[in-house]
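What follows is calculated from the coordinates using simple rules that are stated; it is not laboratory data. From a predicted model like this one, the values you see are computed outputs, not experimental measurements. Note that each Cβ is placed from the backbone with ideal geometry, even for glycine, and that neighbours are counted across all protein chains shown.
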Amino acid sequence: MIDLKIGFLTIGQSPRHDILEEILSHTQHLEAIEVGALDNLSAEQIAMLKPVNKDETLVSRLRNGRQVTISKKRLIPLLIEAINRLHLAGADMAFLLCTDTFEITFTPMPLIQPGRIMRTLIRSILSENGKLGLVVPLEAQITKIKGNWAKFVSDIKTITFSPYLGNKPPLEKLRSLADRDLIVMDCMGYRIEHERLIRMYTKRPVFLPKRLISSLIEEFYQV
């Protein structure tokens, strides 16, 4: 076994115990370095990152547990700065804790964007006439996220449920996805308990993105 320093980059604030406790539950010989794009910002500065007009909306969690919405275009410079902080902290590789993707052309170490892998994987599983179910946090995100998936599958049904508000999705929403071939939970904040709940009421295969990160770490390093 080798000792590793792996970086984890959240678009909100670190630490993200709600994500890493489940990702790293079975790993050893690994030092996790967490950095958040909003770590060094005041409440006033974070408020200025809210989406306006037609800005693409992202959602994450602050250190105090509060949900926060962020403009994607305003976030990118903060992400780049956070990646550099991970590098200076000694990370050998970094995982983005977000299912959205970003056009970042240069990073000082490998940056894995799970959203890219997730969409490629699901595309290889579903045929063009497949039925895809999506679970996303906010109504404001439906058009953009659905558009990402519509590039290769046309029959898409979407429900909204935020993982950060402490409530459970209405059962009628969950049951509406029971006719899907596959259900994707399109946010890194969803937990294993949410995955189990959706599987229980739909009886369908469910894709939880954080499991992808766990699998990649195990595959790369056998930890």
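Structural remarks
- For segment 116-207, the square roots a ≥ b ≥ c of the C-alpha gyration tensor eigenvalues yield an a/c of 1.5 or more together with a/b exceeding b/c, which makes the shape prolate.
- Anisotropy class of segment 1-136 from Cα gyration tensor, a/c 1.5 cut: oblate
- Taking amide H as placed 1.01 Å from N in the peptide plane, the amide H of residue 30 sits under 5 Å from that of 4, each at least 5 places away or on another chain.
- Taking every DSSP bridge with both residues inside the chain, close to 15 percent are antiparallel.
- Placed amide H near residue 207: partners under 5 Å, 5+ positions off or other chain: 183, 184, 185
- Cα long-axis angle, helix 72-88 against the chain (0 to 90 degrees, to the nearest 10): 40 degrees
- Excluding same-chain neighbours fewer than eight residues apart, the aspartates and glutamates reachable from residue 210 by a Cα-Cα span under 20 Å are 18, 21, 22, 31, 34, 92, 100, 186, 193, 195, 218, 219.
- Relative to the dominant Cα principal axis of the chain, helix 114-125 is inclined by about 30°.
- Angle between the chain longest axis and helix 209-221 axis [Cα atoms, degrees, rounded to 10]: 50 degrees
- Unsatisfied cross-links (Cα-Cα over 29 Å) in the set 73/203; 151/173; 5/50; 73/131: 73/203; 5/50; 73/131
- Comparing 19, 11, 80 in a Gaussian network model of the chain, where Cα atoms under 10 Å apart are tied by springs, the biggest mean-square fluctuation is seen for 80.
- Dipole of the chain, positive direction: furthest Cα of 49, 202, 76, with charges on the beta-carbon: 202
- When you filter the trypsin sites (Lys or Arg not before Pro) in segment 1-58 for DSSP loop state and at most 10 other Cβ atoms inside 10 Å of their Cβ, you are left with 54.
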